[in-house]
Amino acid sequence: RGSNLKSTDKLYFFYAGHGIPAQMEQGDPYLLAHDMSAGFASLDDDMKLSNIWNLLSASGQGEVVAFLDSCFSGNSDNRLIYEGVAPGLLKRKKFSQSGDENLLVYTAGNEQQFANYYPEKGHRLFSYFLLKGLMEGIRQPEQLHRYLTRNVQRVSQQNGPDYTQTPQMSGRASGDL
């Protein structure tokens, strides 16, 4: 916990980038740093999603709100993250942070979906509508989730059913974001 934060402050975590299902970890999700090789992702426990959730939950903050614009499909903008491996062969484990009372998580989609790019807007689809919704004044967690789901699904389906993306929300929040 930073020295400038009080236990009643909200801590916000935002990640937009690649995720990877670590094959040596039975598909456990990891965040993939820009300079990290997919084959070595599982060697960095700091990037394991469950460890990040644990760290955020143990931060001492009254509430943590996390936004994760990443997919764990093994694919990156029509390029394989694991070179030479068919994405259908990748093991993926459902990610969750159940049991963390102070953590509210919004994800770009579920563990089987792509996190689509929105070229017309120059952003990832989830990030674009997240920022747009917040700038429009949406502050209630459930209302933001409905807004994200409605808009992200609508635009993602324009690329075909295989690109459908349904944002997820898990955890609880007290009051406004």
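Paramagnetic label reach from E101 (point 7 Å along Cα→Cβ; backbone nitrogen cut-off under 14 Å): within the stretch 45-66, residues 57-64. A simple spin-label model places pseudo-atoms 7 Å from Cα toward Cβ; at Q26 and E136 they are separated by 4.1 nm. Distance from the alpha carbon centroid of the stretch 135-177 to that of the stretch 7-47 works out to 22 angstrom.
Readers should treat all values here as calculations from the given coordinates under stated rules, not as data from a laboratory. This structure is a prediction, so every number in the text was calculated from the model and none was measured. When we count neighbours, we look across all protein chains shown, and the Cβ atoms used for this are built from the backbone with ideal geometry, even at glycine.
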